[in-house]
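Take a look at the structure set out below.
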Amino acid sequence: MIPITAIDVQDAEPLVSSVLRSGLIAQGPMVERFEESFAHAAGVPHAIAVNSGTTALVASLEVLGLRPGDEVVTSPFTFVATLNAILEAGATARFADIGDADYCLCPEAAAAAVGPRTTALMPVHLYGQPADVHRLGALATSRGLALVEDAAQALGATVDGRPVGSFGLGCFSLYATKNVTTAEGGVITTEDDQLAERLRVLRNQGMRQRYQYEVAGHNYRMTDVHAAVGLPQLGRLAQLIDSRQRNAETLSKGLTGIPGLRLPAVVDGRTHVWHQYTVLLDDDAAVDRDELAARLGEAGVGTGIYYPRLVFDYDCYRDHPGVPRVSPEDFPVARSVARRALSLPVHPKLTADDLDEIVAAVRGVLGG
Ligand SMILES: *Cc1c(COP(=O)(O)O)cnc(C)c1O
């Protein structure tokens, strides 16, 4: 079976062992090294390491001073953590449809969703493709909103040469399946010295100096053990991205011209880091998405459905005070994409034979 993800962290063994031997295993010097290296890799002055991508999002909303009832405009087509973080911060979600080329928050739809209580925009750089941060940033500026980028899937992606996570507060995930991992972990990036300082305080129980508490904080600290798992990957980030980009290019070349199959687009001026390589099945394709997934599985090709439903479309959110009621006509693009999207393996561990096999298996099912 060709797996949809492959985790490759063995090169961290010596560094992890050195942390274990040192006896300093909680947040310490290795987290500091990790933060420096991450800031360099992400192209931003400050990187604050935390214990998950979710807490990175929560801390970002909190540090901006969101109050109960404040609204955050975001995409309905995302991992559930985006929504859970908004709710955890005590804010209210407001959804706006996605674009049909990048599957990310659409600037026009976001503008229409902004209301008097809106305080932040939270685009998601989905699958590793940057959202239209230029226009979303302009919208944020003109309406006096903060910009929090859910960059969980997009470390290293750029827009006109500028890295995601540098347009607003950048929130990255280092979960096991992300392009760079510490097993569990997250990072917040910012160009703002004061926000960086306040995030460091918020992460550590609101404490700047021992037992001097400035705000009601959290324990969002990363451990030195986890930092050691991730540090070597930052050193080969360019290689990791390059390998994903080459795999995506090979897949797109091989899959061109199959009837009913829409290949992922790379939008002009943006670089895509291919956390997922996601195709769409049109209604005139030989089989539907679920059938294609099943048949590829039989042929030994692992696939993933990210995400089968819109993020609010579960009973636990139905009467949630932080989740607005929506109608079935809302978000037509997001609904359509959620019904038709299928992700194929694109990770750096794929061999040339694997890629050939994936292409042949898809052609075998869809013809063309
Ligand atoms: C992974 C992910 C998160 C959450 O990150 P965790 O590290 O799992 O908490 C948030 N948003 C998106 C889009 C993600 O893919």
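The values are calculated or read from the model by the stated rules, or taken from the named source; none is laboratory data. None of these values were measured; they are calculated from a predicted model. All Cβ positions, even for glycine, are placed from backbone atoms using ideal geometry, and neighbour counts span all protein chains on display. We work out accessible area using only protein heavy atoms, side chains counted, and drop any ligands, DNA or RNA first. Shrake-Rupley method; radii C 1.70, N 1.55, O 1.52, S 1.80 Å.
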Reported set for the stretch 103-119 where residues are surrounded by fewer than 24 Cβ atoms within 10 Å (Cβ to Cβ), of a type in the set (A, V, I, L, M, F, W, C) and not in a helix (DSSP H, G or I) is 114
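Has the stretch 169-182 got at least one residue that is more than 25 Å from residue 336 (Cβ to Cβ), open to solvent by 20 Å² or more (accessible area, probe 1.4 Å) and more than 16 Å from the ligand (Cβ to nearest atom)? Working first, answer last.
So the first thing to find is which residues in the stretch 169-182 are more than 25 Å from residue 336 (Cβ to Cβ), and the list is 169-182.
From what is left, the residues that are open to solvent by 20 Å² or more (accessible area, probe 1.4 Å) are 175-179.
Filter once more, so that each one left must be more than 16 Å from the ligand (Cβ to nearest atom): none.
Within the stretch 169-182, none of the residues are more than 25 Å from residue 336 (Cβ to Cβ), open to solvent by 20 Å² or more (accessible area, probe 1.4 Å) and more than 16 Å from the ligand (Cβ to nearest atom).
Among the listed residues 80, 72, 114, which satisfies the condition of being closer than 20 Å to residue 164 by Cα and aliphatic (A, V, I, L, M)?
It is 72.
Could you tell me whether residue 26 is closer than 14 Å to residue 185 by Cβ, aliphatic (A, V, I, L, M) and buried (at least 20 other Cβ atoms within 10 Å of the Cβ)? Spell out how you get there, then give the answer.
Values: closer than 14 Å to residue 185 by Cβ: yes; aliphatic (A, V, I, L, M): yes; buried (at least 20 other Cβ atoms within 10 Å of the Cβ): no.
Considered against the rule, which asks whether it is closer than 14 Å to residue 185 by Cβ, aliphatic (A, V, I, L, M) and buried (at least 20 other Cβ atoms within 10 Å of the Cβ), residue 26 comes out as no.
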Residue by residue through the stretch 153-167, note down the ones that are more than 8 Å from the ligand (Cβ to nearest atom) and either under 16 Å from residue 126 (Cα atoms) or not small (Gly, Ala, Ser) (or both).
154, 155, 156, 157, 158, 159, 160, 162, 163, 164, 165, 167
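Would you call residue 70 in contact (Cβ under 8 Å) with a residue 40 or more places away in the chain, more than 17 Å from residue 170 (Cβ to Cβ) and within 21 Å of the chain's Cα centre (by Cα)?
Values: in contact (Cβ under 8 Å) with a residue 40 or more places away in the chain: yes; more than 17 Å from residue 170 (Cβ to Cβ): yes; within 21 Å of the chain's Cα centre (by Cα): no.
It is false that residue 70 is in contact (Cβ under 8 Å) with a residue 40 or more places away in the chain, more than 17 Å from residue 170 (Cβ to Cβ) and within 21 Å of the chain's Cα centre (by Cα).
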Inside the stretch 62-75, the number of residues satisfying the requirement of being away from the ligand (no atom under 12 Å from the Cβ) and crowded, with 24+ Cβ neighbours inside 10 Å is 3
It is to be established whether one or more residues within the stretch 190-197 are open to solvent by 10 Å² or more (accessible area, probe 1.4 Å), within 15 Å of the ligand (Cβ to nearest atom) and under 21 Å from the mean Cα position of the chain (by Cα).
no
Selection from the stretch 309-343 of residues open to solvent by less than 70 Å² (accessible area, probe 1.4 Å) and either assigned to a loop (DSSP other than H, G, I, E, B) or not assigned by TED's automatic domain parsing to the domain that holds residue 279 (or both) yields 310, 311, 312, 313, 320, 322, 323, 324, 326, 327, 330, 331
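So how many residues does the stretch 120-141 have that are polar (S, T, N, Q) and either surrounded by fewer than 21 Cβ atoms within 10 Å (Cβ to Cβ) or out of contact with any strand residue (DSSP E or B) (no Cβ under 7 Å at 6 or more places or on another chain) (or both)? Step through it out loud before you land on a result.
Looking only at the stretch 120-141, we keep the residues that are polar (S, T, N, Q), and these are 129, 141.
Next cut, either surrounded by fewer than 21 Cβ atoms within 10 Å (Cβ to Cβ) or out of contact with any strand residue (DSSP E or B) (no Cβ under 7 Å at 6 or more places or on another chain) (or both) only: 141.
Adding up the residues that qualify gives 1.
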So residue 152 ticks every box in (1) part of a strand (DSSP E or B); (2) open to solvent by 10 Å² or more (accessible area, probe 1.4 Å) but one. Which box is left unticked?
(1)
Scope the stretch 198-229; condition at pLDDT below 95 and either crowded, with 18+ Cβ neighbours inside 10 Å or hydroxyl-bearing (Ser, Thr, Tyr) (or both); matching residues:
211
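Working carefully through the options 281, 310, 296, 261, find the one that is in contact with a Phe, Trp or Tyr (Cβ under 9 Å, 6 or more places away or on another chain) and aliphatic (A, V, I, L, M). Outline the logic, then answer.
Working: 281 fails: in contact with a Phe, Trp or Tyr (Cβ under 9 Å, 6 or more places away or on another chain); 296 fails: in contact with a Phe, Trp or Tyr (Cβ under 9 Å, 6 or more places away or on another chain); 261 fails: in contact with a Phe, Trp or Tyr (Cβ under 9 Å, 6 or more places away or on another chain).
Exactly one residue qualifies, and that residue is 310.
Starting from residues that are in a loop (DSSP other than H, G, I, E, B) and more than 8 Å from the ligand (Cβ to nearest atom), keep the ones in the stretch 44-61 and report whichever is most open to solvent (accessible area, probe 1.4 Å). Break it down stepwise before answering.
Step one: list which residues in the stretch 44-61 are in a loop (DSSP other than H, G, I, E, B), which gives 44-45, 51-52.
In the following step, the residues that additionally are more than 8 Å from the ligand (Cβ to nearest atom) were identified as 44-45, 51.
Working: 44: 12, 45: 78, 51: 54 Å².
Once the filter is applied, the top-ranked residue is 45.
If we keep just the residues of the stretch 77-95 that are within 16 Å of the ligand (Cβ to nearest atom) and part of a loop (DSSP other than H, G, I, E, B), which is surrounded by the fewest Cβ atoms within 10 Å (Cβ to Cβ)?
Initial filter on the stretch 77-95 (within 16 Å of the ligand (Cβ to nearest atom)): 77-89, 91, 93, 95.
Within this subset, residues satisfying the condition of being part of a loop (DSSP other than H, G, I, E, B) are 77-79, 89, 91.
Working: 77: 27, 78: 26, 79: 19, 89: 23, 91: 26.
Top of the filtered list is 79.
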Suppose we filter the stretch 1-23 for residues that are open to solvent by less than 60 Å² (accessible area, probe 1.4 Å), in a helix (DSSP H, G or I) and over 30 Å from residue 278 (Cα atoms); how many remain?
5
